[in-house]
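Asks: Have a look at the structure that comes next, please.
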Amino acid sequence: MEKLVRAISLAAYYGDADELSSLLTTKYGLRALHANDDYPLLYAARNGHASCVDAILKSGAVFKTHAIAMAIRWASAQGHADCIRLLLNHDGKVHADTIHMAMKDACVNRHVECMKLLQPLCPCPREMYERIAEV
């Protein structure tokens, strides 16, 4: 099981979606995915591997809200709008605080595409985020 956990994490980290999909369909694939505290989802989102994020989300795994929230924040900080889009479409119940923090991350790092994607969902006025982006 330990080798499977490591293999899933490495496939997600390096963006090997075909290998990741194959590993997740094995008998213990979903158990191994969660055995590593959902880090494969976080690795894929942070590194911009949208195909891996998609494979993980389509695997049937059930994620805790904080795992989706962290993946959105990591993707936002790195400017990976495709990953954010997949995560938001997967879990439409993302807490407003998560959206707010992801928007701040996108503004600070000047990731315009992420900002445009998150803006309609943000609880704060647009002007606040524009001031953050100016700093």
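Asks: Just one of LEU33, LEU57, LEU88 is of a type in the set (A, V, I, L, M, F, W, C) and more than 21 Å from LEU117 (Cβ to Cβ); which is it?
Replies: Going through LEU33, LEU57, LEU88 in turn, the sole match is LEU33.
Asks: Still on this structure, please answer the following. Which fully enclosed helices (runs of 4 or more DSSP H) of the range 1-79 have 2 or more residues being on the phi < 0 side of the Ramachandran plot and crowded, with 23+ Cβ neighbours inside 10 Å? Please lay out each step first, then the result.
Replies: Numbers: elements: 2-14, 17-24, 29-35, 39-46, 50-58, 65-78.
In the range 1-79, 2-14, 17-24, 39-46, 50-58, 65-78 are the helices (runs of 4 or more DSSP H) which contain 2 or more residues that are on the phi < 0 side of the Ramachandran plot and crowded, with 23+ Cβ neighbours inside 10 Å.
Asks: Looking at the range 55-67 only, could you name the residues that are at pLDDT below 90 and either touching a Ser or Thr at 6+ places or on another chain (Cβ under 8 Å) or closer than 16 Å to ALA11 by Cα (or both)?
Replies: Listed by number, the list holds a single entry, SER59.
Asks: Just to be sure I understand the filter: pairs with C-beta atoms under 6 Å, separated by 6 or more residues or on different chains, first member in the range 5-21 and farther than 14 Å from LEU42 by Cβ, second member of a type in the set (S, T, N, Q) and at pLDDT 95 or above. Which pairs pass?
Replies: Qualifying pairs under 6 Å: ALA17/SER51.
Asks: What number of residues in the range 31-54 are more than 20 Å from MET103 (Cα to Cα), at pLDDT 95 or above and small (Gly, Ala, Ser)?
Replies: 1
Asks: Continuing with this model, one more query. Could you list all residues from the range 96-135 that are surrounded by fewer than 16 Cβ atoms within 10 Å (Cβ to Cβ), outside any helix (DSSP H, G or I) and at pLDDT 85 or above?
Replies: Within the range 96-135, ASN109, ARG110 qualify.
Asks: Name the single residue, out of those in the range 1-53 being among the hydrophobic types (A, V, I, L, M, F, W, C) and over 20 Å from MET70 (Cβ atoms), that is farthest from the chain's Cα centre (by Cα).
Replies: Out of the qualifying residues, it is MET1.
Asks: Shifting gears a bit: Taking the options ILE99, ILE72, name whichever one is under 21 Å from ILE8 (Cα atoms) and β-branched (Val, Ile, Thr).
Replies: Testing whether each residue is under 21 Å from ILE8 (Cα atoms) and β-branched (Val, Ile, Thr) leaves just ILE72.
The values are calculated or read from the model by the stated rules, or taken from the named source; none is laboratory data. Not measured: the values here are computed from a predicted model. Please note: Cβ atoms are built from the backbone with ideal geometry, for glycine as well, and neighbour counts cover all protein chains shown.
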